[in-house]
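As structure tokens, the structure follows; a few thoughts come after it.
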Amino acid sequence: MFSLVVLNGSSPGTTVRLDPKQPTVTIGRLSSRELQLDDHRASRLHARVWYHADRWHLEDCGSLNGTYVNSQPIQQCVLEPGDLIRVAERLILFVQDSQEPGDVPQPAVSKSTTLLDRLPGGGQDAMVEQHLSASVSRVVRDSAVLCRLANQLHERTDTKSLLRVAIDAMVDGIAADHVSIWLVGIDGRLRRVAGKGDLAPHGDEPAGAARDDSKTLARLAVERNKPFLIDQEPARADETLADVGPSLGHALGVPIPGATSCRGAIECRRAPGHDPFSLSDLDFTIVVAHQAGLALENLEHRERLERANQELRRRLEGQARLVGSSRAMQEVLDQIARVGPTASTVLILGESGVGKELVAQAIHELSRHREGPYVAVNCAAFGESLLESELFGHEQGAFTGADRQRIGQFERAHRGTIFLDEIGEMSPACQAKVLRVLEGHPFQRVGGEQSVHVDVRLVAATHRDLRELIQQGRFREDLYYRLRVIDLHVPPLRQRGDDVLELASRFLDEFRRQTGRGPVRLSQESADALRRHDWPGNVRELKNAIERAVVLGRGDEIEPADLGLPPSRAPEAPPPRLSSLRDAQRRHVEFVLRQVGGNKTKACQILGIGRGTLYNWLEE
């Protein structure tokens, strides 16, 4: 008799006995199938097993995710005892029972594990108690280890601990003296990533020799992508391994399947003189390899999702600091999104206080250098000699006070981004050195001779007109064009419309959290005052005004006086334009008539003229 035994899922150990008198058994997700699977990736009718010519056959019924036997995709095949069938993520073992129906159980059999079978009857699944043979008892006994393995695998959050769990299951399940797990690296080479137990060397053989042979066995399992067993009956032995078998004692190797290719191999050995591995040991190892492969796929998928989530969070955080829904600011955000992932040098232009450093940080967070450091240097804060030392470092004794070697900011920013703010204030000597770095040349520290190579992305910013500085001879024209690969203009706050209110609300929430008190909103008068103000200091001035209002405000609303803004000046009347006496006379007559509502008598009295004169003027 033959059986199908489910090894994982919500009902491990579920068994369907195969009866030649009922030659077809269907496998799928529907409850009407003889072997129903609790996996949403399984098709409603996934596969079927049928009896023909004294053999049991397996056929895929056009399933979406395919049917696999011993890690190989199949359309139709003949089943052999010990074959492992994979349907979606469910593992099903095809086993042979040594006891036929009707046989009287022997005492040894009566001690075997009791298993509950699922058999169709009356349209419902009936659970009947069956005494299985020793091989089925082994499967049932191992199922507890495998269930524990499945639970522990999916709780692990890193590869090393995951593989240690798999090795512990191997030691418990097949009592191997030595277990090694090998994975294929990104370079295609096998690397031993986990192991347990070591065999004593033979004679004068060094202790590391057994491990070197182990790599040979793992490589064979990966290259052939099929399991093998040494010191086993000829029907299952691999003849090409005869040359390595005797030197290893008893060994087995099983490939670890992956989504598209073999991920690695599990290799187990027993010392010479111990019992050889059995087919049941091989079947158990195959199941562990499949479980470990699935867990590795899930772990890597989760890590990819976490990296994507972190990347998205970085992008959102980088752009969240740049508040503004005006058209001018949206164009800036769009440029950042397009420029950030590239390696191009960026020159940020804009007035002081518009947020040029926030733009530089957002560009860094989107670049390939985002895992590296972000270093910001304000070139206007250093004198000519100190700036060169700040950027490129110096050697001990390079100048008075240089008592030790100092690493410059370019070296600190290696494999990251360096932001040079106010680059228009840089001295000509520093400009020449920065130009060489941008062109890919090494540099030397001040007072040193050793060449230093760095891989940095440079983002520069200035509020000065660099073209005007070039005409004055204060800025190098070649450096200007090398910096101006991409120039990005940040608009002043007065050109951003209602962005001033969005920024004010953001700063108000920020300072309220810091102080734990203060107004909760802007009054309408304050909002109008914010709109009217020109903001010569841009966002920096606005931030200071809101901080002042939070500290000094007494009510729930920020009033205009709390902001400390200078009073808005009334618009100046345009100077009178020069005109002729006749035009001035006509405009004055029209003004008087409007004031008296068109009453000509009153108009004549005010103008001091007669009605005839007024009519003559009106006719003209």
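The values are calculated or read from the model by the stated rules, or taken from the named source; none is laboratory data. A quick note: this is a predicted structure, and the numbers were derived from the prediction, not measured. Here the Cβ positions follow ideal geometry from the backbone for every residue, glycine too, while neighbour counts run over all protein chains shown. Surface accessibility is based on the protein's heavy atoms, side chains included, excluding ligands, DNA and RNA. Shrake-Rupley method; radii C 1.70, N 1.55, O 1.52, S 1.80 Å.
Would you check if there is a residue in segment 38-45 being open to solvent by less than 50 Å² (accessible area, probe 1.4 Å) and touching a residue at least 60 places away in the same chain (Cβ under 8 Å)?
No; the residues of segment 38-45 include none that is open to solvent by less than 50 Å² (accessible area, probe 1.4 Å) and touching a residue at least 60 places away in the same chain (Cβ under 8 Å).
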Next item on the list: Answer yes or no: is there a residue in segment 354-362 that is under 22 Å from Arg482 (Cβ atoms), modelled with pLDDT under 85 and buried (at least 17 other Cβ atoms within 10 Å of the Cβ).
Entry: no
Next item on the list: Name the single residue, out of those in segment 231-279 being among the β-branched types (Val, Ile, Thr) and open to solvent by 10 Å² or more (accessible area, probe 1.4 Å), that is modelled with the highest pLDDT.
Entry: Thr260
Next item on the list: Filter segment 565-591 down to residues that are within 30 Å of Tyr615 (Cα to Cα), at pLDDT below 80 and among the small types (Gly, Ala, Ser) and give me whichever is farthest from the chain's Cα centre (by Cα).
Entry: Ser580
Check: For segment 386-428, how many residues are within 12 Å of Leu458 (Cα to Cα) and among the small types (Gly, Ala, Ser)?
Finding: 2
Note to self: If I ask for residues that are modelled with pLDDT under 85 and under 39 Å from the mean Cα position of the chain (by Cα), which ones from segment 372-405 would you list?
What the structure shows: Gln405
Item checked: Subset of segment 493-508 (residues that are crowded, with 18+ Cβ neighbours inside 10 Å and of a type outside the set (Val, Ile, Thr)) -> Leu493, Arg496, Asp499, Leu503, Ala504, Phe507, Leu508
Notebook entry, point to check: Which of the residues that make up segment 596-620 are charged (D, E, K, R) and either assigned to a helix (DSSP H, G or I) or in contact with a strand residue (DSSP E or B) (Cβ under 9 Å, 6 or more places away or on another chain) (or both)?
Noted result: Lys600, Lys602, Arg611, Glu619
Note to self: Looking only at helices (runs of 4 or more DSSP H) that lie completely in segment 480-595, which have at least 1 residues being in contact with a Ser or Thr (Cβ under 7 Å, 6 or more places away or on another chain)?
What the structure shows: 499-515, 524-532, 538-552, 560-563
Checklist line | Leu18 being open to solvent by less than 10 Å² (accessible area, probe 1.4 Å) and closer than 24 Å to Leu279 by Cβ | finding: yes
Notebook entry, point to check: In segment 63-84, what count of residues is obtained for those that are in contact with a Ser or Thr (Cβ under 9 Å, 6 or more places away or on another chain) and open to solvent by 70 Å² or more (accessible area, probe 1.4 Å)?
Noted result: 3
Note to self: Filter segment 442-464 down to the residues that are touching a Gly at 6+ places or on another chain (Cβ under 8 Å) and open to solvent by 60 Å² or more (accessible area, probe 1.4 Å) and list them by number.
What the structure shows: Gly447, His463, Arg464
Notebook entry, point to check: Taking only pairs six or more apart or across chains, which ones have beta-carbon atoms under 8 Å, a first residue in segment 73-100 that is over 24 Å from Ser278 (Cα atoms) and polar (S, T, N, Q), and a second residue that is open to solvent by 40 Å² or more (accessible area, probe 1.4 Å) and modelled with pLDDT of 85 or more?
Noted result: Gln75/Glu59; Gln76/Glu59
Item checked: Residue pairs meeting the criteria (Cβ under 9 Å; at least 6 apart or on separate chains; first touching a residue at least 40 places away in the same chain (Cβ under 8 Å), in segment 462-481; second open to solvent by 60 Å² or more (accessible area, probe 1.4 Å) and in a loop (DSSP other than H, G, I, E, B)) -> His463/Glu351; Leu466/Arg484; Phe475/Arg464
Item checked: Matching residues, segment 368-382, being open to solvent by 40 Å² or more (accessible area, probe 1.4 Å) and in a loop (DSSP other than H, G, I, E, B) -> Arg368, Arg370, Glu371, Pro373, Phe382
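Condition check ((1) in contact with a strand residue (DSSP E or B) (Cβ under 9 Å, 6 or more places away or on another chain); (2) within 18 Å of Leu435 (Cβ to Cβ)) across all residues:
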{"residue": "Glu371", "(1), (2)": "yes, no"}
{"residue": "Asn378", "(1), (2)": "yes, no"}
{"residue": "Gly383", "(1), (2)": "no, no"}
{"residue": "Leu386", "(1), (2)": "no, no"}
{"residue": "Leu391", "(1), (2)": "yes, yes"}
{"residue": "Glu395", "(1), (2)": "yes, no"}
{"residue": "Ala402", "(1), (2)": "yes, no"}
{"residue": "Gln405", "(1), (2)": "yes, no"}
{"residue": "Gly408", "(1), (2)": "yes, yes"}
Checklist line | Given (1) out of contact with any Leu (no Cβ under 6 Å at 6 or more places or on another chain); (2) of a type outside the set (Lys, Arg); (3) under 18 Å from Glu411 (Cα atoms), number of the condition Ile363 does not satisfy | finding: (3)
Item checked: Residue ID - most open to solvent (accessible area, probe 1.4 Å), chosen from residues in segment 394-425 that are part of a loop (DSSP other than H, G, I, E, B), free of Cβ contacts under 8 Å to residues at least 40 places away in the same chain and of a type in the set (D, E, K, R) -> Arg404
Margin query: What pairs come out if I take residues in segment 487-500 that are farther than 21 Å from Gly340 by Cβ and pair them with residues that are of a type outside the set (A, V, I, L, M, F, W, C) and assigned to a helix (DSSP H, G or I) whose C-beta lies under 6 Å away, six or more apart or interchain?
Written below: Pro492/Asn538; Leu493/Asn538
